[in-house]
Structure formats: structure tokens, C-alpha cells
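Enquirer: The structure's right below; bear with me while I get my questions together.
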Amino acid sequence: MQVVDLVIYARWIIPVVPQSVTHENHALVISKGRIIDLLPSIEADLKYQSSQIVKLDEHALIPGLINSHSHTGMSLLRGIADDLPLMDWLQNHIWPLEQKWVSESFVKDGADLAIAEMIRGGTTCFNDMYFFPDVVAERAIEHGIRASIGLILIEFASAWAENADDYLKKGLRLHQQLQGQALMTTPFAPHAPYTVSDDSLIKIKQLAEKHQLAIHMHLHETQHEVEEQQQKTQQSPLQRLHQLGLLSPSLMAVHMTQLTQQDIDLVAQTGTHIIHCPESNLKLVSGFCPVAQCLKSNINVALGTDGAASNNDLDMFGEMRTAALLAKGISSDASAVPASTALEMATINGAKALGIENETGSLSLGKAADIVAIDLSQLEMQPIYEPVSQIVYAANRQQVSDVWVAGKQLLKQRQLSTIDIADLKERVMLWQKRLKN
């Protein structure tokens, strides 16, 4: 018998790739942090031996969920300015609070809170955009979660950087520092067309090509953004980015509401990825991404939560369900985003957008063992005819029992392995008192 590091037996294993496949009574075999086999449980008993055997007789295993757009530091602002439209929310509430309070310690505690929430909800990778990305990277490394750390750029000064050149200088330095981190990638993260100049965008394009880095940016988030840009430049934000040469398979365009068919065709032709944040868009009345049309045009659409300040959670189960239901309602087509597609948007499509599909996003042989176990034993889950549909339409993040990233267990029977929840709650309460005054 072959000795391996870990064997996980489960009632159902849903690899995501190939599409719409569910294995019943199978096992995943892990060695050196990677998946080396997926086979019937009976065969695994005969073929493999391990000191770590996990038996999950009433669980489904899925690839780790990928939150393709987040602002982890903003978790400390959860619920502080609810029920307001985007620009009022940003300009009159969020930006003033950030100007007063954002610091290394603010981002550290906010990132810890976000990472704890995400791991407990089955997220094994997140794509972040916020100030002090070096602090977010340090927290992600500490807790063992996979992360895409955005090298943020915005034209105004902040506690992180003085001006556009300073943002770029610090971002490139962080990129160099993280070169040896296997769980890290570092895309550029210009905030939005209305906060970043043409000169800065051209520099980012040149640097991204030089260092082979992706670009992560808010785009077409609201009707106001699109109309304002058209008045100023006689172009939509999308057309402006295309003229600057930024639309490409290296661009992750976040939100993408207010799209015409011409816009959709342009995104498809350039290979640009769309990051759909349905719940944040609904809450801020930002508009709807026409996901069904985009998928029909073979555009890669991934899912993100946005920040907890505008969502108000980092729950990828909620995003899957909302994305599926919203697409059906908007398109008047019940088959627009089936459950299997919603799960793909939260896993392999996110990996493609981040450029890490060869490493994660599916339970495929040779990939990193980024795995989530979902307990489907509860009465509310019965009967189970189709596990994928049950996960998307009926399950919730509290049913996540165990989480592994690159074979390392970060959540065991609902208990976090790297985060002291009592200590974290104390730190969060201190911030609540400060921010409330």
C-alpha cells in the first residue's frame, strides 16, 4: 500500500471539472499538499495508507470557494452606513471614516476578521483591494489562506501612500517581497475609472506587461459612473479602458452593470474577465450585471462579495444563490444560471480570472488540495436528489465543517486552527467603540 499524507472519504465529491459530475462514496488522496487521486472509497481502502484519515459520511466535498473581489480591511465598517446609494455611502460616510481611522492596525484587525469569516464560510482564496496591502498579505500568510493581494492605486493621498507614484512604488516593492509565497499573487488594483487618471492607467498597463501581472478594477459599477464619464470624455468607462489598451485576459472588471450588447461583445472579444458582486450591487442599487448574456457570449464570469461594509457579509454561499436567482429573474429564463454554473462561478471561474486555474478551482489531480466539506445531514437538507442544487439553493455557510488549503487544515469541525476568536472579538469591539464616536 502507498503511504500518503491524508485521505478524505466523503458521501459526495463534486470536482467541478469536469462539469456536472458528482462522485458518490469516493475518496480524495492528498500528498505534499496536492491531490494525487480521486477514487471509489472501496478502492482507496486497498490502495492507500495514511496516519490522517477523515471520514465524512454525510458530507459533500467541493473545491475551496474563491471570493474574487473583497476589501478585507473594511470588515470593521460592517453596517455603519446602511441603506444608502453608492456615492452618498462612499463620499459622505465611508471615505471620511477611512481618512480618520485607516492605519496598519485597522487593516490588520479588519483583515483578521474577514479571513476568519471567509474560512468559516468555505472560502479558501480571496482577491483583495485595499490600503496597506502589505498588512493584508502578512495576515493571509499567518492564517494559511490563499490570496490575491491587490497593489492599490488611487489618485488621492491616504495613510498608505502620498500620490500615484508612491502607490506604484510601494506596490512594486510588495510584489517583489511576495515572490516566494506560493499562496500569493499580486495584481495591480487601480480603484476605478473616476479615481484613476489616464497617465496612471497607462503606467499600470506598462508595468503589468513588464512583470506579467493581472489588473483588478471596479468598472461600470453604476449608471452615474457611466453617464459622468460619457459627459467628461465622450466615452463610456469601458470604451476609455479599451482605448488605453487595458481590456484583455489580464483584466478583472468588477461589477460591470449598465452593459450594452456592444459592451458585452467588446468584453468577449478582448477576453476580459467579469467579477459579479450581486448582493452588494443590489444593496447599493448599483444595477445588474447581465450575467446570462455574458455567459452566452463565452465571457468568464466569477463571483465576489465586495466588502462587508456594503454587503454586509463575505458569504459565497449567499452570492451563489443570489447570482443564480437574479440571473433567472433578469433574463426571464429559469435555466439562465443553473446550480452547476453558480458553483463554477464561485470556484473554477474565479481561479481563471485570477490566473491560478492550474493551481486551484477544482478537485483535479495535481492541483493544490483546497477543499471544503459541507455537512448535508440536517433535516432541512432532506431529501437530497441532487447535491449541487442542494448546496446552491438550500445550504448555508454554517454547514461548512472542514476546510483545507494546500492540504493544511484551517477549519476542523467548525473550529479555526489559526485564529483565536475570543481575542479577535475583543479587538473588534475596541474598533466599534472608536468608530461609533
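Enquirer: Take the alpha carbon atoms of region 108-155, find their center, do the same for region 358-428, and report the distance between the two centers in whole angstrom.
Expert: If we compute the Cα centre of each part, the gap is 18 Å.
Enquirer: Between Ile330 and Met1, what is 0.36 nm times their sequence separation minus the Cα-Cα distance? Round to one decimal in nm.
Expert: 113.0 nm
Enquirer: May I ask you to evaluate 6.51 cos²θ - 1.76 cosθ + 1.60, the Karplus curve with θ = phi - 60°, for each residue of region 107-123 and list the ³J(HN,Hα) values in order in whole Hz, giving x for glycine and proline?
Expert: Rounded to whole hertz, the list is 5, 4, 6, x, 5, 4, 4, 5, 5, 4, 4, 5, 4, 5, x, x, 8.
Enquirer: Specify the angular offset, from 0 to 90 degrees and rounded to the nearest 10, of the alpha carbon long axis of helix 133-143 from the longest principal axis of the alpha carbons in the chain.
Expert: 10
Enquirer: Say each of Leu424 and Val285 gets a label point 7 Å from the Cα, pointing the same way as Cα to Cβ; how far apart are those two points in nm?
Expert: 3.4
Enquirer: Considering only protein heavy atoms, what per residue accessible area in square angstrom results for region 120-240 with a 1.4 angstrom probe?
Expert: On a per-residue basis, region 120-240 sits at 39 Å².
Enquirer: Related question: Using a 1.4 Å probe on the protein chains only, how many percent of the accessible area of the chain belongs to carbon and sulfur?
Expert: 49
Enquirer: What is the Cα centroid distance between region 224-243 and region 313-352, reported in whole angstrom?
Expert: 28
Enquirer: Taking Cα extents along the principal axes in Å as the quantity of interest, determine which of (1) 71, 45, 36; (2) 67, 56, 51; (3) 68, 47, 43 was computed from the displayed structure.
Expert: (3)
Enquirer: Arrange the peptides 10-20, 383-393, 128-138 so that the one whose residues have, on average, the most other Cβ atoms within 10 Å appears first.
Expert: Result, highest mean first: 128-138, 10-20, 383-393.
Enquirer: Using a Förster radius of 45 Å, what is the FRET efficiency between Gln91 and Ser51 based on their Cβ-Cβ separation? Nearest 0.05, please.
Expert: Once the sixth-power term is evaluated, E becomes 0.20.
Enquirer: Can you flag which of Lys100/Lys433; Lys108/Lys283; Lys169/Lys210; Lys55/Lys408 are past 20 Å Cα-Cα?
Expert: Table pairs above 20 Å Cα-Cα are Lys108/Lys283.
Enquirer: Turning to a different aspect of this structure: Pick out which of Asn92, Asn358, Asn311 has the largest mean-square fluctuation in a Gaussian network model of the chain, springs linking Cα atoms closer than 10 Å.
Expert: Judging by the Gaussian network model, the answer is Asn92.
Enquirer: Tally the DSSP beta bridges in the chain and give the antiparallel ones as a percent, rounded to 5.
Expert: 45
Enquirer: While we're on this one: In whole angstrom, how far apart do the alpha carbon centroids of region 54-72 and region 1-38 sit?
Expert: Region 54-72 and region 1-38 have Cα centres spaced 14 Å from each other.
Enquirer: For region 304-366, what does the relative contact order come out to in percent, with C-alpha contacts under 8 Å and a separation of six or more?
Expert: Taking the mean separation of contacting Cα pairs over the length of region 304-366, I get 21 percent.
Enquirer: Full extension from Gln398 to Asp82: what is 0.36 nm times the residue separation minus their Cα-Cα distance, to one decimal in nm?
Expert: Separation in residues times 0.36 nm, less the Cα-Cα distance, equals 111.3 nm.
Enquirer: Among the GluC sites (Glu not before Pro) in region 193-269, which ones are in a DSSP loop with at most 12 other Cβ atoms within 10 Å of the Cβ? Mind listing them?
Expert: Answer by residue number: there is no such site.
Enquirer: Where both residues lie in region 24-151, what percent of DSSP beta bridges are antiparallel, nearest 5?
Expert: Antiparallel: roughly 45 percent of the beta bridges in region 24-151.
Enquirer: Could I ask something else about it? If each of Ala182 and Asn437 carries a label point 7 Å out from its Cα toward its Cβ, how far apart are those two points in nm?
Expert: The two pseudo-label positions are separated by 4.6 nm.
The values are calculated or read from the model by the stated rules, or taken from the named source; none is laboratory data. None of these values were measured; they are calculated from a predicted model. Don't worry about glycine lacking a Cβ; one is built from the backbone with ideal geometry, like all the others, and counts go over all protein chains shown. In case anyone asks, the SASA skips ligands and DNA or RNA and just uses the protein heavy atoms, side chains included. Shrake-Rupley method; radii C 1.70, N 1.55, O 1.52, S 1.80 Å.
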